[in-house]
Amino acid sequence: MSSAEPLDLHDESAFAALFERHRGELQVHCYRMLGSLEDAEDLVQETFLRAWRSRETFGADGRFSFRAWLYRIATNACLDELRSRSRRVLPPDVAPAADPTVPLSPPADLPWIQPYPDRLLDQVTAPEEEPGAVVVARETIELAFITAIQHLPPRQRAALILRDVLGWSAKETASLLETTVASANSAVQRARGTVRQHLGERTTWRRRSEPTPEERELLRRYVEAHESADADALAALLREDARLTMPPHPTWYEGRAAIMVAAAPAFDPAFGTLRSVPVRANRQPGAAHYLRASGETEFRPLAIDVLRVEDGRVAEITSFDGSAYFVMFGLPLTLDR
């Protein structure tokens with residue numbers, strides 16, 4: 001890592017200002033470790049407190065830059081957190097695919113994976129001179145990747161993120177995790193094998209983050225299909241093997257036919273009128289749906305859909321139900337038209 005940055009260890013304001021330069025990337029790091037934006041926000045604050053309390057140890061052995069030292073503290077804070085709670089999940093982790101003719105299961109109080117709004121990712125910067133400065137590469141922040149790495153034991157998860165996401169060397173990773181290079185390499189190899197089981201052969205991660213023109217057009221059609229209650233238009237956008245999950249409901253549907261049966265009530269005029277606002281989360285296209293129920297005058301939050309697109313069609317819809325997500329995305333809680 002690069003040489004230590006000048007730091008007055010007795011000036012809390014200067015310390016806090018330097019920490020703030022790294023807050024965004026540390027929050028993304030904690031999100032990858034924990035699968036929750038809310039937990040990541042808490043752990044970044046815990047990282048600041050730990051760093052301030054242990055500031056006299058910074059630079060004592062000359063191994064870490066200030067940035068790397070913060071990553072070490074944040075990683076250890078996340079590992080401590082993971083020792084005391086269950087991993088984050090999505091519906092396919094807890095139940096088999098559902099029969100779309102059966103009523104939707106009620107919400108379950110489980111540690112669900114949360115989305116990460118792109119409006120926050122866009123604020124993340126990392127020093128250009130640092131290895132691994134690209135900390136929000138698209139395929140390492142997508143929901144599929146976040147879900148896959150939640151299956152890893154915590155230390156394997158940390159090793160994989162440090163090596164394959166942040167680009168740290170085996171020696172740097174071993175030093176941060178306070179283990180041998182051989183042990184760190186073994187952890188990464190085992191982690192890659194587990195991730196491959198969940199993601200297939202996607203073991204190299206592209207750095208593209210901007211939506212393609214095709215994605216923009218697909219999202220426009222997705223929004224239009226919902227606002228016009230056009231079930232056929234929606235069906236035309238889905239892959240035959242598409243998947244729909246709806247946390248906090250432990251229910252999910254496999255295949256375009258099942259999704260359309262399950263979605264049919266939302267296209268009935270009696271359901272109400274939808275207004276859909278394009279959003280992005282986890283570097284994926286999405287739509288925030290507002291519903292104006294029959295007899296109501298305002299549109300109120302319904303769900304935020306995050307889409308995974310493959311070969312020009314929607315391969316997966318993760319529909320996050322609840323107004324709390326609208327707050328997370330900085331969206332209004334009502335629309336008047």
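Here is a check on your reading of the model: is D80 surrounded by fewer than 19 Cβ atoms within 10 Å (Cβ to Cβ) and either assigned to a helix (DSSP H, G or I) or modelled with pLDDT of 95 or more (or both)? Reasoning before the result, please.
On the way: surrounded by fewer than 19 Cβ atoms within 10 Å (Cβ to Cβ): yes; either assigned to a helix (DSSP H, G or I) or modelled with pLDDT of 95 or more (or both): yes.
Considered against the rule, which asks whether it is surrounded by fewer than 19 Cβ atoms within 10 Å (Cβ to Cβ) and either assigned to a helix (DSSP H, G or I) or modelled with pLDDT of 95 or more (or both), D80 comes out as yes.
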The one condition in (1) surrounded by fewer than 15 Cβ atoms within 10 Å (Cβ to Cβ); (2) within 22 Å of L104 (Cβ to Cβ) that D336 fails to fulfil:
(2)
Looking at (1) touching a helix residue (DSSP H, G or I) at 6+ places or on another chain (Cβ under 8 Å); (2) of a type in the set (G, A, S); (3) in a helix (DSSP H, G or I); (4) under 16 Å from S319 (Cα atoms), find the lone condition where A288 falls short.
(3)
The one condition T297 fails out of (1) modelled with pLDDT of 95 or more; (2) in a loop (DSSP other than H, G, I, E, B) is (1)
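For the stretch 156-172, which residues satisfy the criterion of being within 21 Å of E139 (Cα to Cα) and in a helix (DSSP H, G or I)? Don't jump to the end; show me each part of the working.
To start, the set of residues in the stretch 156-172 that are within 21 Å of E139 (Cα to Cα) comprises 156-169.
Result: Q156, R157, A158, A159, L160, I161, L162, R163, D164, V165.
Test of understanding: among L274, L244, L219, which residue is crowded, with 20+ Cβ neighbours inside 10 Å, in a helix (DSSP H, G or I) and within 26 Å of the chain's Cα centre (by Cα)? Spell out the reasoning first.
On the way: L274 fails: in a helix (DSSP H, G or I); L244 fails: in a helix (DSSP H, G or I).
The conditions single out L219.
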Using the structure shown, decide if V279 is at negative phi, modelled with pLDDT of 95 or more and surrounded by fewer than 21 Cβ atoms within 10 Å (Cβ to Cβ).
no
Return yes when E214 is over 24 Å from W69 (Cβ atoms) and either surrounded by fewer than 14 Cβ atoms within 10 Å (Cβ to Cβ) or outside the structural domain of L302 (by TED's automatic domain parsing) (or both) and no when it is not.
yes
What residue, of A258, A233, A266, A229, is part of a helix (DSSP H, G or I), touching a helix residue (DSSP H, G or I) at 6+ places or on another chain (Cβ under 9 Å), modelled with pLDDT of 95 or more and of a type in the set (G, A, S)?
A233
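Considering only residues that are aromatic (F, W, Y) and surrounded by fewer than 17 Cβ atoms within 10 Å (Cβ to Cβ), which ones fall in the stretch 247-271? Lay out the reasoning, then the answer.
Of the stretch 247-271, the ones aromatic (F, W, Y) are 252-253, 267, 271.
Hit for the stretch 247-271 is F271, nothing else.
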Of all residues in the stretch 160-196 being under 20 Å from L34 (Cα atoms) and polar (S, T, N, Q), the one that is surrounded by the fewest Cβ atoms within 10 Å (Cβ to Cβ)
T194
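The values are calculated or read from the model by the stated rules, or taken from the named source; none is laboratory data. Note that the coordinates shown come from a computational prediction; the quantities given were computed from them, not determined experimentally. Don't worry about glycine lacking a Cβ; one is built from the backbone with ideal geometry, like all the others, and counts go over all protein chains shown.
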